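The values are calculated or read from the model by the stated rules, or taken from the named source; none is laboratory data. On a predicted model such as this, the values are computed, not experimentally measured, just so you know. Cβ placement follows ideal geometry from the backbone for every residue including glycine, while neighbour counts extend to all protein chains displayed. When the accessible area is computed, the model is the full protein with side chains, heavy atoms only, and any ligands, DNA or RNA have been set aside. Shrake-Rupley method; radii C 1.70, N 1.55, O 1.52, S 1.80 Å.
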Amino acid sequence: MSTPLGIPGVRQTEIPAREHVKFYQVGSYAVGNRLAEEGLRSVQSDPNRWNTLTSGHRACQGCGEALGARYALDSAAAASDGDLVAVNATGCLEVFSTPYPESAWTVPWLHSLFGNAPAVAAGAAAGLRAKGKSTRVIAQGGDGGTVDIGMGTLSGMFERNDDVLYICYDNQAYMNTGVQRSGATPPTARTATTQPVGPKPGNRFGQGKDMARIAMAHEIPYVATASVADLRDLEFKVTKAMSMHGARYIHVLVPCPLGWGSASNLTVTLARLATQTGLFPIFEAEGGEITSVMKIRRPAPVEEYLKPQRRFAHLFKGGGEPEVIARLQAIADRNIRRYGLIDEDQLDDDVLARVLAAPEDPEGRYEAILHAASETKQAQAQARTRNAATENPSDREDQ
Ligand SMILES: Cc1ncc(C[n+]2csc(CCOP(=O)(O)OP(=O)(O)O)c2C)c(N)n1
Ligand code: SF4
């Protein structure tokens with residue numbers, strides 16, 4: 001369907017299923033903010049906007065990944081005037097958007113394997129460049145595809161500084177295959193593979209990967225985190241990333257009602273609480289240095305974020321697990337301190353004291369390493385004693 005608006009300067013394209021959108025909501029920073037100055041208006045407020053991910057896909061109600069992907073790719077399409085190709089790792093986004101032989105995408109789109117989207121995208125970018133084309137390349141995937149199985153190819157893409165914008169939609173587990181734990185699953189969360197049983201229920205403390213910081217360590221041109229709670233911020237960051245070349249990485253928090261056990265109308269609220277607690281810091285970094293952080297406007301205790309999610313229900317059963325919750329709060333407090341998420345003079349004295357006192361190792365990583373090391377040392381000492389006893393039978397205790 002074409003949209004011959006006949007307005008000078010307004011793009012006309014032949015994108016299928018592209019609709020002229022009628023907005024009813026004006027005057028707020030919601031989608032249809034046509035009262036703001038033109039330069040400040042959201043990508044979505046353009047009545048002739050790019051509907052890169054159209055209706056008809058099969059995401060669950062309230063799916064954060066569908067929302068994030070749509071805003072991200074619409075912004076990327078707007079920034080490149082639609083001259084882009086998206087490579088998609090296997091995962092929910094790929095499955096719900098492309099049930100063969102249909103596709104909900106209106107931009108050129110390739111499905112890669114679960115673990116090689118960065119390599120496929122790097123190859124596409126190199127091929128396009130060799131052909132003298134200026135088509136931009138995006139790669140995208142879930143947290144499993146990104147921080148676990150695809151991490152090697154992603155690190156290679158970063159190291160070579162390939163001209164690709166990689167977007168990770170982090171719903172904190174392998175949702176597509178039935179909610180298994182990933183390297184981005186938070187401590188204590190229940191998944192199909194981290195059941196809330198035993199003395200330490202749910203996912204363990206001290207494991208997992210902070211992919212945005214790993215990306216920063218590669219000193220690539222641009223790294224940012226974002227969430228579906230602030231879609232204007234997401235649009236801004238994708239647009240900015242598209243204005244740059246080289247390897248770029250955006251990590252977007254996208255709540256998943258099915259995997260998180262949350263109401264579908266709480267997706268944006270939970271994404272906001274993840275940020276307002278400090279559990280999911282939002283920042284930008286260029287060349288490995290932090291260049292901006294989104295300050296917390298209303299600090300919230302972690303319980304407020306955890307309680308509406310069934311994956312954390314075991315933390316509140318019976319008398320609750322105050323020590324475990326305090327440990328999660330310490331992770332949030334460390335982020336607040338590490339990224340300067342709240343100005344000190346804005347913090348109540350008791351909260352400031354708590355933030356400043358947050359341990360450097362709230363997840364117990366180093367503690368666990370030391371414990372493992374001492375166990376190894378013990379085992380080695382025992383083995384040495386056994387070997388010595390075998391070599392000198394006269395030393396054996398039973399003689
Ligand atoms: C090599 C390989 N192993 C396992 C799978 C099965 N598989 C497909 S998608 C997926 C999980 C995807 O999780 P994630 O990347 O977090 O995306 P989400 O579905 O959560 O959006 C798995 C395990 C596969 N396709 N290929
Ligand atoms: S399982 Fe989660 S990520 Fe997948 S479509 Fe449903 S809400 Fe979206």
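Within segment 125-132, does at least one residue satisfy the condition of being more than 18 Å from the chain's Cα centre (by Cα), within 20 Å of A241 (Cβ to Cβ), buried (at least 22 other Cβ atoms within 10 Å of the Cβ) and small (G, A, S)? Taking every residue of segment 125-132 in turn, at least one turns out to be more than 18 Å from the chain's Cα centre (by Cα), within 20 Å of A241 (Cβ to Cβ), buried (at least 22 other Cβ atoms within 10 Å of the Cβ) and small (G, A, S). Any residue at all in segment 264-278 that is in a loop (DSSP other than H, G, I, E, B) and surrounded by 23 or more Cβ atoms within 10 Å (Cβ to Cβ)? Yes, segment 264-278 has at least one match.
Condition check ((1) in contact (Cβ under 8 Å) with a residue 24 or more places away in the chain; (2) open to solvent by 70 Å² or more (accessible area, probe 1.4 Å)) across all residues:
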site	(1), (2)
R310	yes, yes
G318	no, yes
P322	no, yes
L347	yes, no
A368	yes, no
E375	no, yes
Q378	no, yes
T385	no, yes
T390	no, yes
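Meeting the requirement of 1 or more residues that are within 16 Å of ligand 1 (Cβ to nearest atom), farther than 25 Å from P108 by Cβ and touching a helix residue (DSSP H, G or I) at 6+ places or on another chain (Cβ under 9 Å), the helices (runs of 4 or more DSSP H) wholly within segment 130-249 are 151-159, 211-217. Here is the figure for segment 50-85: residues that are more than 14 Å from ligand 1 (Cβ to nearest atom) and in a loop (DSSP other than H, G, I, E, B) total 12. Inspection of segment 332-345 finds a residue satisfying the criterion of being surrounded by fewer than 18 Cβ atoms within 10 Å (Cβ to Cβ) and not in a helix (DSSP H, G or I). Condition (residue is in contact with a Lys or Arg (Cβ under 9 Å, 6 or more places away or on another chain), away from ligand 2 (no atom under 16 Å from the Cβ), closer than 17 Å to L73 by Cα and among the aliphatic types (A, V, I, L, M)) applied to segment 138-156: is it met by at least one residue? No, because not a single residue in segment 138-156 is in contact with a Lys or Arg (Cβ under 9 Å, 6 or more places away or on another chain), away from ligand 2 (no atom under 16 Å from the Cβ), closer than 17 Å to L73 by Cα and among the aliphatic types (A, V, I, L, M).
Of E102, E94, all but one fail to be at negative phi, within 13 Å of ligand 2 (Cβ to nearest atom) and either open to solvent by 50 Å² or more (accessible area, probe 1.4 Å) or within 22 Å of the chain's Cα centre (by Cα) (or both); the exception is E94. In this structure, is T194 closer than 30 Å to R41 by Cβ and either at pLDDT 95 or above or touching an Asp or Glu at 6+ places or on another chain (Cβ under 6 Å) (or both)? Here the answer is no, as T194 does not meet what is asked.
Looking only at residues in segment 63-73 that are closer than 19 Å to Y174 by Cβ and in contact with a helix residue (DSSP H, G or I) (Cβ under 6 Å, 6 or more places away or on another chain), which one is nearest to ligand 2 (Cβ to nearest atom)?
Top of the filtered list is E65.
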